[in-house]
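Worksheet: one structure, shown below.
The values are calculated or read from the model by the stated rules, or taken from the named source; none is laboratory data. Since the model is a prediction, treat every value here as computed from it, not as a measurement. Note: ideal-geometry Cβ built from the backbone for every residue, glycine included; neighbour counts use all protein chains shown.
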Amino acid sequence: MAAVSGFGGAAILTPALVAFFGMRDAVPILTVAQLIGNGSRVWFNRREIDWAVVRWYALGAIPLALLGGTLFARAPFSALTRVLGGFLIALVIWHRTGRTLPRVRSVRSFAGVGAISSFISALLGTVGPLTAPLFLSYGLVKGAYIGTEALATVIVHLTKLVAYGQASLLGARTLAVGLALGPTLVAGSWVGKQVVDRIPERAFVLLIDAVLLVAGLLFLWRG
């Protein structure tokens, strides 16, 4: 679904997790689940990883992921929910307007990319499709892109889990649900493809936009 809609799978899953588990549990659950999915992509593409990109990304990502995770644990629940609502609406607007980010020409620029994206990820669970084009614009393709982006994301998720664990946000239920969602996300991707094959692509994209827009408005209202 994410490949067709232009949104990351995590952005689509986040509203459902927040509705069922609440903001405070949803983000750690999502982090555990994403760690599994990205870890598998690292393994399958391990020989093509651009380690220079990963090192510079980690340099900016680790401290900001820790900071974001700490703020997440301390921020008022209502404020986090409103911020998530605004972020989901912003994703829809970004997607509808077709805007693009600047090209990344220097490997050192990934320190800044890692800092900004990890901070948002630690607070909201996902940065949507905003960072993927930056890896592609640097010239990474196929396995090099998939493996490098996945390993950079794994580093962010591991750092976030450290912050959440220190804040006592990683209970047994959170870990269990997150681990269960890992393989479920893989199965969901397959099911989503079958659905996409049976309905017009434009209709599907509009549906995803509508879901995220409604969820964003509800979070702003309820927060």
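Laid out as a table, the results:
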{"read-out": "Selected residue (only one of ALA52, ALA61 is more than 15 Å from MET23 (Cα to Cα) and within 16 Å of the chain's Cα centre (by Cα))", "value": "ALA61"}
{"read-out": "Single residue of LEU136, LEU59 found to be at pLDDT below 90 and within 23 Å of ASN38 (Cα to Cα)", "value": "LEU136"}
{"read-out": "Residue list for the range 26-81, restricted to those being loosely packed, with under 15 Cβ neighbours inside 10 Å and of a type in the set (Phe, Trp, Tyr)", "value": "TRP43, PHE44, TRP51, PHE77"}
{"read-out": "Index of the failed condition, LYS160 passing every other in (1) surrounded by fewer than 20 Cβ atoms within 10 Å (Cβ to Cβ); (2) modelled with pLDDT of 90 or more", "value": "(1)"}
{"read-out": "Residue match in the range 97-115 (condition: in contact (Cβ under 8 Å) with a residue 60 or more places away in the chain and crowded, with 16+ Cβ neighbours inside 10 Å)", "value": "no"}
{"read-out": "The listed residue being more than 18 Å from VAL162 (Cα to Cα) and of a type outside the set (A, V, I, L, M, F, W, C), out of GLY60, GLY39, GLY68, GLY22", "value": "GLY22"}
{"read-out": "Residue in the range 72-94 that is under 18 Å from the mean Cα position of the chain (by Cα) and at pLDDT 90 or above present", "value": "yes"}
{"read-out": "Candidates THR31, THR14, filtered to the one that is assigned to a helix (DSSP H, G or I), in contact (Cβ under 8 Å) with a residue 24 or more places away in the chain, touching a Lys or Arg at 6+ places or on another chain (Cβ under 7 Å) and not hydrophobic (A, V, I, L, M, F, W, C)", "value": "THR31"}
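Residue-wise test of (1) closer than 24 Å to ALA90 by Cα; (2) in a helix (DSSP H, G or I); (3) modelled with pLDDT of 75 or more; (4) out of contact with any His (no Cβ under 9 Å at 6 or more places or on another chain).
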{"position": "VAL177", "(1), (2), (3), (4)": "no, yes, yes, yes"}
{"position": "LEU181", "(1), (2), (3), (4)": "no, yes, yes, yes"}
{"position": "GLY188", "(1), (2), (3), (4)": "no, yes, no, yes"}
{"position": "VAL191", "(1), (2), (3), (4)": "no, yes, no, yes"}
{"position": "GLN194", "(1), (2), (3), (4)": "no, yes, no, yes"}
{"position": "ILE199", "(1), (2), (3), (4)": "no, no, no, yes"}
{"position": "ALA203", "(1), (2), (3), (4)": "yes, yes, no, yes"}
{"position": "LEU207", "(1), (2), (3), (4)": "yes, yes, no, yes"}
{"position": "ALA215", "(1), (2), (3), (4)": "yes, yes, yes, yes"}
